[in-house]
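Inspection log for the structure reproduced underneath, given as structure tokens.
The values are calculated or read from the model by the stated rules, or taken from the named source; none is laboratory data. Quantities reported herein were computed from a predicted structural model and do not represent experimental measurements. Cβ placement follows ideal geometry from the backbone for every residue including glycine, while neighbour counts extend to all protein chains displayed. Just so you know, the surface numbers come from the protein's heavy atoms only, side chains and all, with ligands and any DNA or RNA stripped out. Shrake-Rupley method; radii C 1.70, N 1.55, O 1.52, S 1.80 Å.
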2 protein chains.
Amino acid sequence: MESAETQIRFGILGCAEIAKKLSRAITLAPNAALYAVASRSSDKAKAFAAANGFPPSAKAYGSYEALLDDPDVDAVYVPLPTSLHREWAVKAAEKKKHVLLEKPVALNAAELEEILAACESNGVQFMDATMWMHHPRTAVMKELLDDSERFGELKVIHSTFTFAGGPDFLTNNIRVSPHLDALGALGDVGWYCIRSILWAASYHLPQTAVALRNPVLNDAGVILSCGASLYWPDGKVATFHCSFFTSLSLDLTVLGTKSSLRVNDYAGPFDEKAASFHVTSQFGFGKPLVREEWVACELPQEAGMVGEFARLVAGIKRNGCKPEKEWGVLSWKTQVVLDAVKASIDRGFEPVEIVT
Amino acid sequence: MESAETQIRFGILGCAEIAKKLSRAITLAPNAALYAVASRSSDKAKAFAAANGFPPSAKAYGSYEALLDDPDVDAVYVPLPTSLHREWAVKAAEKKKHVLLEKPVALNAAELEEILAACESNGVQFMDATMWMHHPRTAVMKELLDDSERFGELKVIHSTFTFAGGPDFLTNNIRVSPHLDALGALGDVGWYCIRSILWAASYHLPQTAVALRNPVLNDAGVILSCGASLYWPDGKVATFHCSFFTSLSLDLTVLGTKSSLRVNDYAGPFDEKAASFHVTSQFGFGKPLVREEWVACELPQEAGMVGEFARLVAGIKRNGCKPEKEWGVLSWKTQVVLDAVKASIDRGFEPVEIVT
């Protein structure tokens, strides 16, 4: 662990369920420290800090503004409902706080562009909280996909993220509220599907998105279940399905001309200490070779994410580095595809061209 | 093994590559026997019989007609190119031969209806050669899907069948010839995808088929790679992808509200002696439970298929049973969906309603 002097001091805006996981991650990341939490009530903030391993010296603020006004906060983690992201991410950037923003990052790409512009003009780091990007398995899998000798040419990607929310979730959770998380399942879990597809496709944007029919929306028009197909000019095809109705699935399958990759827990490894993926190859019409590869994980993926974010922040804070813009680009590409899928649903499953 | 007296005597029409596998299957099935093979040249038929375990007494005919005229042939297996199915399956039925027909069964549902009508009016059994239907794993998986306590309600199905044919295959194989197998990859491997989807959906036909964009056709218009999405009135969604370009994949994923089923070799188990599938369940937001279930297989699935077909034939031949019509219904439903996908490709990926 680094000394308290060199650790990046985090403030958390809001006491969402997911903030518990991130509090633990900040504790585990050697270069990060829990410094403050804010809620709309200081009692709630105090209770959260006490229950989630904050040190006794930590600050518990009764307003988000107060936390942002604390000059000792280096960076904020923003797990607020999506409809509040633009306001608070922009305010945080304006207070020179580096921004780790929960996904979906915004209600649409235009909002995200405002956030990214605020981060850029204030010289702060932006990163979205897509944790699995930081699991060591992700890099090992990417080596396979990038190896044309082993993997060949990428042709087909299929991704899912579903969970069965249950009756209470489907009625009361903020993720089904049009005022809080208007993108519903598409924003909450479809985000991962789209990111996984873009990741596999080396972040080349598809040209066209066509939503699958039979999406399910609640009475307020929030998506509870949907899917889409995506198309690239070189012939690549991807499909995904995301849902709040269906038992847990986190499947990613990538088919190449020489082998194929399968992982059934891509966004959240079922085992924190080690994760695997399967590679299937066949030579001619011979017996297929199926290999399972395991990748050890010293820290949970969310701690790896916090560590990477804090490393970038420390570089800016101490070494005069520029913010790494690539993370904003990945968020933006994900949001652009998400917007296109949403537009295709809104237009009765018409193809939507992704023009950038 | 049954006595030679009671075994069903098979004649094979044509010496296709797949006929080698079926010859072995007929040898392995206790209630079936290799009796005759026909080719357009008797030398070729003799060589095939000698190389594929036919008994010395077996007949090697230089024409398909001659085999059909042999009164001792009970049943024929027809591995001819698809464009010849209608002619020879109908002729076989008219000669009172029971018909085990390679897939795709016909170029379209109208052709298949002629074949089924000929089988019905001549009182012979029809079955298509979709081998995996007869693997014991298939029945065990179906028990899971049918168990609403364990599996819940079926929501999403995804299936693939791809293999990398290679340059010679893509140029010269009969499966890319417009005159022999005009349905290309959709008929050859898409057949399995569609059947697997219908199987999972308890053979309820989807209402709408929408082809995925980016299919690949050769200069003669034969499909080398394509996919589709399928929609049921109750909200179920299925997607599939089939291809001659992509490394081997035989994935079937079925997502229910309580658990999900995954199998990565559904149509052709990688191990002949035992095959597995994975069931993933999650209770609330707890840790997912992933279980691999193994099913032993005494005989290869194609021998199981031959055995089941021969059992039905024996019932008709000796006990006055009626032909089991269900197998023709399954073929017909598969072909109807295949036709709709083909129509959607032909119509620029428009939705095609499946009206029956």
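Roughly what % antiparallel, to the nearest 5, for the DSSP beta bridges in chain A? Numbers along the way, then the final one.
On the way: 37 of 64 bridges.
Counting only bridges with both partners in chain A, antiparallel ones make up about 60 percent.
So if R0 is 22 Å, what FRET efficiency would A:ALA4 and A:GLU272 give, r being the distance between their Cβ atoms, rounded to the nearest 0.05?
Working: r = 26 Å, r/R0 = 1.19.
Taking R0 as 22 Å, the efficiency between A:ALA4 and A:GLU272 is 0.25.
Computed FRET efficiency, Cβ-Cβ of B:SER202 and B:PHE169, R0 30 Å: what is it to the nearest 0.05? Each step should come with its number before you reach the end.
Numbers: r = 35 Å, r/R0 = 1.17.
Efficiency computed from Cβ-Cβ geometry: 0.30.
For Cα pairs less than 8 Å apart in space and 6+ apart in sequence, what is the mean separation divided by the residue count of chain B, i.e. the relative contact order in percent? List each step's numbers first, then the result.
Details: 795 pairs, mean separation 67.4, N = 356.
RCO, chain B: 19 percent.
For the stretch A:1-141, how big is the tail of P(r) above 26 Å, as a whole percent of Cα pairs? Write down the numbers at each step before the final one.
Details: 1926 of 9870 pairs.
Within the stretch A:1-141, distances greater than 26 Å cover 20 percent of Cα pairs.
Taking the Cα centroid of the stretch A:51-79 and of the stretch B:313-354, what is the distance between the two, rounded to the nearest whole Å?
So the separation of the two Cα centres works out to 64 Å.
Plugging the Kirkwood radius over Cα pairs into Stokes-Einstein for the stretch B:160-286, at a temperature of 25 °C and a viscosity of 0.890 mPa s, what D comes out in µm²/s?
154 µm²/s
Stick to Cα atoms and the Kirkwood definition of Rh, then tell me Rg/Rh for the stretch B:1-56. Write out the running numbers ahead of the final one.
Details: Rg = 10.9 Å, Rh = 11.3 Å.
We get a ratio of 0.96 for the stretch B:1-56.
How much of the DSSP beta bridge set in the stretch A:92-233 is antiparallel, as a percent to the nearest 5? Kindly include the intermediate steps, with their values, before the conclusion.
Numbers: 6 of 9 bridges.
If we restrict to bridges inside the stretch A:92-233, about 65 percent are antiparallel.
I need the inter-copy label distances for B:PRO233: point set 7 Å along Cα to C-beta, values in nm with one decimal, smallest first.
When each copy's label point is compared with this one, the spacings are 4.4 nm.
Name the residue farthest towards the positive end of the dipole of the stretch B:113-259 from the options B:PHE240, B:HIS204, B:TYR192, assuming +1 on Cβ of Lys and Arg, -1 on Cβ of Asp and Glu, about the Cα centre.
It is B:PHE240.
Compare the Cα positions of A:THR162, A:PRO269, A:ALA343 along the charge dipole of chain A (+1 at Cβ of Lys, Arg; -1 at Cβ of Asp, Glu; about the Cα centre) and return the one farthest towards the positive end.
Towards the positive end, the residue furthest out is A:PRO269.
In terms of the Cα gyration tensor, with a ≥ b ≥ c the square roots of its eigenvalues, is the stretch B:81-201 rounded because a/c is under 1.5, prolate because a/b exceeds b/c, or oblate?
On the way: a/c = 2.55, a/b = 1.27, b/c = 2.02.
Note, shape of the stretch B:81-201 comes out oblate.
Taking chain B as a Gaussian network, Cα atoms linked when under 10 Å apart, which of B:THR138, B:THR160, B:THR246 shows the biggest mean-square fluctuation?
B:THR246
From the Cα trace of the protein assembly as shown, what convex hull volume per residue do you get, rounded to a whole Å³? Walk me through the numbers before you get to the answer.
On the way: hull volume 108.7 nm³, N = 712.
Spelled out: Cα convex hull of the protein assembly as shown, divided by residues, is 153 Å³.
Given Cβ point charges of +1 (Lys, Arg) and -1 (Asp, Glu) and nothing else, what value in debye, to the nearest 20, does the dipole of the protein assembly as shown about its Cα centre take?
Working: 70 positive and 84 negative charges, 108 e Å.
Dipole magnitude for the protein assembly as shown comes out near 520 debye.
Between B:ALA343 and A:ALA117, what FRET efficiency comes out of the Förster formula 1/(1 + (r/R0)^6) with R0 = 45 Å and r the beta carbon distance, rounded to 0.05?
Details: r = 48 Å, r/R0 = 1.07.
So the FRET efficiency works out to roughly 0.40.
Give the long-range amide H neighbours of A:LEU217: residues separated by 5 or more places, or on another chain, with amide H under 5 Å away, using H modelled in the peptide plane at 1.01 Å from N.
A:LEU224
Using unit Cβ charges (K, R positive; D, E negative) and no other charged atoms, how large, in debye to the nearest 20, is the dipole of chain B about its Cα centre?
Values: 35 positive and 42 negative charges, 57 e Å.
Result for chain B is approximately 280 debye, rounded to the nearest 20.
Provide the per-residue ³J(HN,Hα) series for the stretch B:171-185, in order, calculated from phi with Karplus coefficients 6.51, -1.76, 1.60 and θ = phi - 60°, each as a whole number of Hz, with x at glycine and proline positions.
So the J values, rounded to whole Hz, are 9, 10, 5, 4, 6, 10, 9, x, 8, 10, 9, 4, 8, x, 5.
Which lysines, if any, have their Cα less than 19 Å from the Cα of B:LYS97, not counting same-chain residues under 8 positions apart?
Qualifying lysines at Cα under 19 Å: B:LYS59, B:LYS317, B:LYS322, B:LYS325.
Out of B:GLY165, B:GLY14, B:GLY304, any idea which swings most in a Gaussian network model of chain B, alpha carbons joined below 10 Å?
Result for chain B, Cα springs under 10 Å: B:GLY165 fluctuates most.
Compute the label-point distances linking A:ARG347 to its equivalents in the other copies; points lie 7 Å from Cα along Cα→Cβ; give nm, one decimal, shortest first.
Ordered by increasing distance: 2.0 nm.
May I ask for the Rg/Rh ratio of the stretch B:292-336, computed from Cα atoms with Rh as the Kirkwood radius, given to two decimals?
Numbers: Rg = 14.0 Å, Rh = 12.6 Å.
That ratio is 1.11, to two decimals.
Taking only Cα atoms and a 10 Å spring cutoff, compute GNM fluctuations for chain A and point out the largest among A:LYS287, A:LYS325, A:LYS258.
A:LYS287
Using Cα-only point scatterers and the Debye equation, what is log10 of I(q)/I(0) for chain B at each q in 0.06, 0.08, 0.13 Å⁻¹, rounded to two decimals?
-0.22, -0.39, -1.04
With an 8 Å cut-off on Cα pairs and a minimum separation of 6 or more residues, tell me the relative contact order of the stretch A:107-258 in percent.
Values: 252 pairs, mean separation 49.0, N = 152.
Contact order relative to length: 32 percent.
State the antiparallel share, in %, of DSSP beta bridges confined to the protein assembly as shown, rounding to the nearest 5.
Details: 74 of 128 bridges.
Of those bridges, close to 60 percent are antiparallel.
Search the structure for amide H atoms under 5 Å from the amide H of A:TYR61, placed 1.01 Å from N in the peptide plane, and list their residues when 5 or more places away or on another chain.
The answer is A:VAL37, A:ALA38, A:SER39.
Grab the residue from chain B whose Cβ hugs the B-to-A rotation axis most tightly, plus its distance in whole angstrom.
Closest Cβ on chain B to the axis mapping it onto A, in Å: B:THR239, 2.
Per DSSP H run of at least 4 residues, take -39500 (n - 2.57); add these up for chain A, divide by its residues and hand me the 222 nm value, nearest 500 deg cm²/dmol.
Values: 12 runs with 129 residues, N = 356.
Value at 222 nm, helices only, nearest 500: -11000 deg cm²/dmol.
At B:LYS20, with labels set 7 Å past Cα in the Cβ direction, how many nm apart are the copies from this one, shortest first?
Going from nearest to farthest copy, the values are 6.0 nm.
Filter the DSSP H helices in chain B by two things, a Kyte-Doolittle mean of at least 0.5 and an axial alpha-carbon span of 15 angstrom or more, and list the hits by number. Before the final figure, lay out the partial values.
Values: long enough: B:17-28 (18 Å, 0.24); B:109-121 (18 Å, 0.54); B:136-146 (16 Å, -0.20); B:301-319 (26 Å, -0.07); B:326-346 (30 Å, 0.30).
Membrane-span-like by this rule: B:109-121.
Positive end of the dipole of the stretch B:92-147, charges at C-beta (+1 Lys, Arg; -1 Asp, Glu), about the Cα centre: which of B:ILE115, B:ALA92, B:MET133 has its Cα farthest in that direction?
It is B:ALA92, whose Cα lies furthest towards the positive end.
Taking a 27 Å limit on the Cα-Cα distance, which of the listed pairs A:LYS103/B:LYS142; A:LYS44/A:LYS103; A:LYS273/B:LYS273; A:LYS273/A:LYS333; B:LYS46/B:LYS342 fall beyond it?
Long pairs (Cα-Cα over 27 Å): A:LYS103/B:LYS142; A:LYS273/B:LYS273; A:LYS273/A:LYS333; B:LYS46/B:LYS342.
Hey, any idea what % of chain B's accessible area is carbon plus sulfur with a 1.4 Å probe?
Working: 7230 of 13530 Å².
That share works out to 53 percent.
If you filter the stretch A:73-155 for trypsin sites (Lys or Arg not before Pro), then keep DSSP loop positions with at most 15 other Cβ within 10 Å, what is left?
Numbers: sites: A:ARG86, A:LYS91, A:LYS95, A:LYS96, A:LYS97, A:ARG137, A:LYS142, A:ARG150, A:LYS155; in loops: A:LYS95, A:LYS96, A:LYS97.
The qualifying sites are A:LYS96.
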